[in-house]
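Beneath this line is the structure, given in structure tokens, with notes to follow.
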Amino acid sequence: MRGVTLVECLVVLVLTAICLALALPAWRDAVQAQRVRAASLALEDGLRQARLHALQRGAYVRICPGGEAGACQGAGRWEQGWALLGEAPPGGGAAPLLGVGPALRGVRIEADAVLARGAGFDAAGWPRRRGGALLMGSWRVCPEAGGAGRELVLSAAGRLRAARVDCPRVSRAASAAPAQRWLSALPTSLAVMSTMRIMRS
């Protein structure tokens, strides 16, 4: 019974590497799109919860980046999560923590200057600053490597609108994909092994 030669094994490896190199970009794009969509929906849900709490409590409610650890201190980022804070009691004390948003992996969330430190809703559910001024702006949810993202726009009436947006791509020249490295190395290995086989025979 005839066995499989080393050259035949290398040919199969080369073909497998080519298939992987062709399939990986599409798979990576699909994963990125799913992460962006999930992050966008999570942020949208957090904003709706903040507005609902404001309506239910009849008081101002803030949503701020950074998660529970940030607690609206102004140093957090939106992809680290967010915190929902109510108004501090009249007699003093800490503002009640009403909810916490999850940390989001694989995405960057950039808010415009108006919303970088958070948003708030008054007792009637309108987006407002602390002083009562109108509040509107947008968040941009992007994959870490760039590409297709989503923009969440908050109107002065409190409505949220989502739209597709293109995010600038991050250069990956310094770190080539493993499949591409295999693809470039295998033909050389195949040639070396073929030469050694010929020399031995």
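The values are calculated or read from the model by the stated rules, or taken from the named source; none is laboratory data. Remember, it's a predicted structure, so these values are computed and weren't measured experimentally. Reconstructed Cβ throughout: ideal geometry from the backbone, glycine too, with neighbour counts over all protein chains shown.
With respect to the conditions (1) buried (at least 20 other Cβ atoms within 10 Å of the Cβ); (2) more than 18 Å from Arg51 (Cα to Cα); (3) among the hydrophobic types (A, V, I, L, M, F, W, C), Ala103 falls short on a single one, namely (1). For segment 130-187: of the residues being of a type in the set (Lys, Arg) and not in a loop (DSSP other than H, G, I, E, B), which is modelled with the lowest pLDDT? Taking the candidates together, the pick is Arg181. With respect to (1) closer than 17 Å to Phe121 by Cα; (2) surrounded by 13 or more Cβ atoms within 10 Å (Cβ to Cβ); (3) in contact (Cβ under 8 Å) with a residue 12 or more places away in the chain, the lone exception for Arg37 is condition (1). Number of residues in segment 66-100 that are under 16 Å from Trp139 (Cα atoms) and surrounded by fewer than 19 Cβ atoms within 10 Å (Cβ to Cβ) equals 2. For segment 78-90, the condition holds for at least one residue, the condition being that it is in contact (Cβ under 8 Å) with a residue 12 or more places away in the chain, over 15 Å from the mean Cα position of the chain (by Cα) and part of a loop (DSSP other than H, G, I, E, B).
Yes or no, residue by residue, for (1) at pLDDT 90 or above; (2) part of a helix (DSSP H, G or I); (3) in contact with a helix residue (DSSP H, G or I) (Cβ under 7 Å, 6 or more places away or on another chain):
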{"site": "Met1", "(1), (2), (3)": "no, no, no"}
{"site": "Cys9", "(1), (2), (3)": "no, yes, no"}
{"site": "Leu13", "(1), (2), (3)": "no, yes, yes"}
{"site": "Leu20", "(1), (2), (3)": "no, yes, yes"}
{"site": "Ala23", "(1), (2), (3)": "no, yes, no"}
{"site": "Ala42", "(1), (2), (3)": "yes, yes, no"}
{"site": "Arg51", "(1), (2), (3)": "yes, yes, no"}
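Condition (residue is touching a Pro at 6+ places or on another chain (Cβ under 9 Å) and farther than 20 Å from Ala42 by Cα) applied to segment 121-135: is it met by at least one residue? Yes: segment 121-135 contains one or more residues that are touching a Pro at 6+ places or on another chain (Cβ under 9 Å) and farther than 20 Å from Ala42 by Cα.
To keep it simple, each residue is scored yes or no on (1) within 17 Å of the chain's Cα centre (by Cα); (2) in a loop (DSSP other than H, G, I, E, B); (3) over 28 Å from Ala163 (Cβ atoms).
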{"site": "Thr16", "(1), (2), (3)": "no, no, yes"}
{"site": "Trp27", "(1), (2), (3)": "yes, no, no"}
{"site": "Ala30", "(1), (2), (3)": "yes, no, no"}
{"site": "Ile63", "(1), (2), (3)": "no, no, no"}
{"site": "Gly76", "(1), (2), (3)": "yes, yes, no"}
{"site": "Gly93", "(1), (2), (3)": "no, yes, yes"}
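Restricting attention to segment 143-162, and to residues there that are surrounded by 11 or more Cβ atoms within 10 Å (Cβ to Cβ) and of a type in the set (A, V, I, L, M), which single residue is farthest from the chain's Cα centre (by Cα)? Out of the qualifying residues, it is Ala156.
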